[in-house]
1. Examine the range 99-106 for a residue that is buried (at least 18 other Cβ atoms within 10 Å of the Cβ) and modelled with pLDDT under 90, and state whether such a residue exists.
2. Restricting the first residue to the range 107-125 and requiring it to be under 15 Å from Ile82 (Cβ atoms), which pairs with a second residue that is outside any helix (DSSP H, G or I) meet a Cβ separation below 9 Å and a spacing of at least six or different chains?
3. Name, by its number, the condition in (1) at pLDDT 85 or above; (2) assigned to a helix (DSSP H, G or I); (3) of a type outside the set (Asp, Glu) that does not hold for Ser64.
4. Inspect all residues belonging to the range 170-185 and state whether any of them is closer than 23 Å to Leu74 by Cβ, modelled with pLDDT under 75 and surrounded by 19 or more Cβ atoms within 10 Å (Cβ to Cβ).
5. Of all the residues that make up the range 28-47, how many are closer than 27 Å to Asp93 by Cβ and without any contact (Cβ under 8 Å) to a residue 12 or more places away in the chain?
6. May I ask you to verify whether Asp139 is under 24 Å from Gly17 (Cβ atoms), surrounded by fewer than 19 Cβ atoms within 10 Å (Cβ to Cβ), of a type outside the set (Ser, Thr, Tyr) and at pLDDT below 85?
7. Run down Val78, Val56, Val84 and say which single residue is modelled with pLDDT under 90 and either among the aliphatic types (A, V, I, L, M) or part of a helix (DSSP H, G or I) (or both).
Amino acid sequence: MEPILILRPYLRKMSDGNFFRTLFAWVLRVEAGLTVIGILYGSVKLWGSVKLWGLVRGEHAPASLYLGLLIVQLALLVLAIIIVNILLIRAEDIEKLPLGTDYIVTPIFVLFEKTAGEIGAAVYSVLGIAAGLFIWISDFGIPLPIPGLSGGEGFIAGLLTMIVGVTIGLVVLLLAYLTAELTGALVDIARNTKK
């Protein structure tokens, strides 16, 4: 029977925890690279929307629209830097996790929950503020589709977009950290009941 059990060494290696630490640390690093590509793609699409605006309306886009898009472009750059930093720092955190004998994946999952909340908070806060500034400067609606932010035109719409963006970001961060703490607490309870 032993000769056909060819996966035994691989399953043992997977169970020691180092496999998951290495795998998920590299997953976060790859996501950091994909984030850069995604932001570049979003930037190109953003400037393409100016041409679309002109084609639909049959006129040239006003200078205020270009200025507003420049602010959104800068916000995308800031957002890319923040997200890449979060992903690379959390990849290091995962690699430095101690190898446990009882729970291997749960500490990694806790860090993933926190990472998702940090990225969500960054996206909503930065893009909410940028969208609000865009509305103020250009007097147009939001140039990027952001779930939960409707936009509009005028000073109040810009202010509300900023407030709602930052608020959603904080709620996302709070919920992610809460679920991460609850997951960690469940592990602590399980460890204490074993004793």
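1. As a first pass, look at the range 99-106 and keep what is buried (at least 18 other Cβ atoms within 10 Å of the Cβ): 104.
Keeping just the survivors that are modelled with pLDDT under 90 gives 104.
Within the range 99-106, one or more residues are buried (at least 18 other Cβ atoms within 10 Å of the Cβ) and modelled with pLDDT under 90.
2. Taking only residues 6 or more apart or on different chains, the pairs are Val123/Ile146; Tyr124/Ile146; Tyr124/Gly148; Tyr124/Leu149.
3. Condition not satisfied by Ser64: (1).
4. no
5. 6
6. Answer is no for this residue.
7. Step by step, each of Val78, Val56, Val84 is checked, and only Val56 is modelled with pLDDT under 90 and either among the aliphatic types (A, V, I, L, M) or part of a helix (DSSP H, G or I) (or both).
The values are calculated or read from the model by the stated rules, or taken from the named source; none is laboratory data. Everything quoted here is computed from the prediction, not taken from an experiment. Cβ coordinates were reconstructed from backbone atoms using ideal geometry, including for glycine residues, and neighbour counts include every protein chain displayed.
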